[in-house]
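K.L.:
Supplied in structure tokens, the structure appears directly below.
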């Protein structure tokens with residue numbers, strides 16, 4: 001397997017007084033699928049464009065394998081497949097003609113062009129649409145054409161900005177499995193607003209907010225990071241509801257989040273286990289604790305916690 005790690009060092013991109021990306025550094029290893037998350041305007045697309053050499057950073061260095069992205073641009077582009085967020089396509093071209101054009105632009109040997117096109121048509125599920133004009137395709141199928149052009153030269157690095165945008169659930173699963181399969185031998189950065197999709201597809205997740213990296217690790221790592229603020233769902237009986245509510249609200253080390261249908265949502269806010277505090281409270285007041293269930297922290301919860309301010 002050829003080593004085509006992506007190394008980003010102190011990347012900054014400014015537009016006037018605004019920093020779209022603010023001194024970020026990270027590495028993506030060959031064979032790794034990195035999920036790149038962040039709110040709109042966080043700096044995801046700017047970073048991806050810089051990696052693909054479509055945008056010149058203000059400061060910082062980016063290398064892919066042994067190549068410097070901005071000194072060896074032509075060499076780097078031979079190794080990169082890129083699906084931009086807006087997926088620009090030549091609408092008046094037929095699918096087969098467009099893929100032929102891209103194959104020739106990518107310097108695929110003439111003897112291999114037909115084989116690569118047929119492979120992309122099959123891999124991206126374009127069999128029934130291959131003889132249509134691109135403007136006649138649904139958004140989902142146009143997205144598949146964009147993915148086919150990114151893959152047609154068998155790149156070592158894939159940069160995919162919202163690759164499942166516009167796809168139906170069945171298509172999303174197909175593209176997810178495709179990315180996971182090809183990602184075993186490639187370096188992949190995948191941006192998406194669908195957090196469940198990122199969690200199911202990616203080995204590692206990175207979150208960017210206001211141009212800065214705020215989290216980096218597996219989905220499980222990110223959930224554990226929020227484990228200090230563990231949530232508990234609690235139901236207590238044999239006590240006046242108002243008295244129980246007030247007691248939980250004043251309980252040390254625990255924050256009362258809400259109450260619904262007699263169940264209280266509590267958040268642990270200190271290192272002291274919330275379960276122990278709730279149990280001791282019930283013992284002191286001779287209340288019956290009928291439910292105390294840990295609530296698993298979801299990736300959405302972690303994302304909101306890191307990007308709300």
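The values are calculated or read from the model by the stated rules, or taken from the named source; none is laboratory data. This structure is a prediction, so every number in the text was calculated from the model and none was measured. Don't worry about glycine lacking a Cβ; one is built from the backbone with ideal geometry, like all the others, and counts go over all protein chains shown.
K.L.:
Can you go through 179, 172, 236, 207 and tell me which one is crowded, with 17+ Cβ neighbours inside 10 Å, part of a strand (DSSP E or B) and under 16 Å from the mean Cα position of the chain (by Cα)?
P.N.:
When all the criteria are applied, what remains is 207.
K.L.:
On to the next question. Quick one: is residue 253 under 23 Å from residue 306 (Cα atoms) and in contact with a helix residue (DSSP H, G or I) (Cβ under 9 Å, 6 or more places away or on another chain)?
P.N.:
Numbers: under 23 Å from residue 306 (Cα atoms): yes; in contact with a helix residue (DSSP H, G or I) (Cβ under 9 Å, 6 or more places away or on another chain): yes.
Taking the combined requirement at face value, the residue satisfies it.
K.L.:
Filter region 102-115 down to the residues that are surrounded by 17 or more Cβ atoms within 10 Å (Cβ to Cβ) and outside any helix (DSSP H, G or I), then identify the one that is farthest from the chain's Cα centre (by Cα).
P.N.:
Checked region 102-115; the qualifying residue farthest from the chain's Cα centre (by Cα) is 108.
K.L.:
Anything in region 155-169 that is assigned to a loop (DSSP other than H, G, I, E, B) and surrounded by fewer than 15 Cβ atoms within 10 Å (Cβ to Cβ)? List them, or say none.
P.N.:
We begin by selecting, within region 155-169, every residue assigned to a loop (DSSP other than H, G, I, E, B); these are 155-156, 162-168.
Result: 168, single match.
K.L.:
Residue 60: over 22 Å from the mean Cα position of the chain (by Cα) and more than 20 Å from residue 208 (Cα to Cα), yes or no?
P.N.:
It is false that residue 60 is over 22 Å from the mean Cα position of the chain (by Cα) and more than 20 Å from residue 208 (Cα to Cα).
K.L.:
Please tell me if residue 35 is crowded, with 17+ Cβ neighbours inside 10 Å, on the phi > 0 side of the Ramachandran plot, assigned by TED's automatic domain parsing to the domain that holds residue 191 and assigned to a strand (DSSP E or B).
P.N.:
no
K.L.:
What are the residues in region 54-74 that are out of contact with any strand residue (DSSP E or B) (no Cβ under 6 Å at 6 or more places or on another chain), farther than 23 Å from residue 18 by Cα and assigned to a loop (DSSP other than H, G, I, E, B), if any?
P.N.:
Of everything in region 54-74, those that are out of contact with any strand residue (DSSP E or B) (no Cβ under 6 Å at 6 or more places or on another chain), farther than 23 Å from residue 18 by Cα and assigned to a loop (DSSP other than H, G, I, E, B) turn out to be 65, 66, 71, 72.
K.L.:
Name every residue in region 267-294 that is outside any helix (DSSP H, G or I), touching a strand residue (DSSP E or B) at 6+ places or on another chain (Cβ under 7 Å) and either at pLDDT 90 or above or surrounded by fewer than 14 Cβ atoms within 10 Å (Cβ to Cβ) (or both), in order of residue number.
P.N.:
Once the filter is applied, which keeps residues that are outside any helix (DSSP H, G or I), touching a strand residue (DSSP E or B) at 6+ places or on another chain (Cβ under 7 Å) and either at pLDDT 90 or above or surrounded by fewer than 14 Cβ atoms within 10 Å (Cβ to Cβ) (or both), region 267-294 yields 287, 288, 289, 290, 291, 292, 293, 294.
K.L.:
Okay, moving on. Could you figure out which of (1) closer than 23 Å to residue 184 by Cα; (2) at pLDDT below 90; (3) within 22 Å of the chain's Cα centre (by Cα); (4) surrounded by fewer than 16 Cβ atoms within 10 Å (Cβ to Cβ) isn't true of residue 4?
P.N.:
(4)
K.L.:
Out of all the residues in region 83-101, is one or more crowded, with 21+ Cβ neighbours inside 10 Å and under 22 Å from residue 202 (Cβ atoms)?
P.N.:
Within region 83-101, one or more residues are crowded, with 21+ Cβ neighbours inside 10 Å and under 22 Å from residue 202 (Cβ atoms).
K.L.:
Another question, then. What about residue 44, is it surrounded by fewer than 18 Cβ atoms within 10 Å (Cβ to Cβ) and modelled with pLDDT under 95?
P.N.:
Answer is no for this residue.
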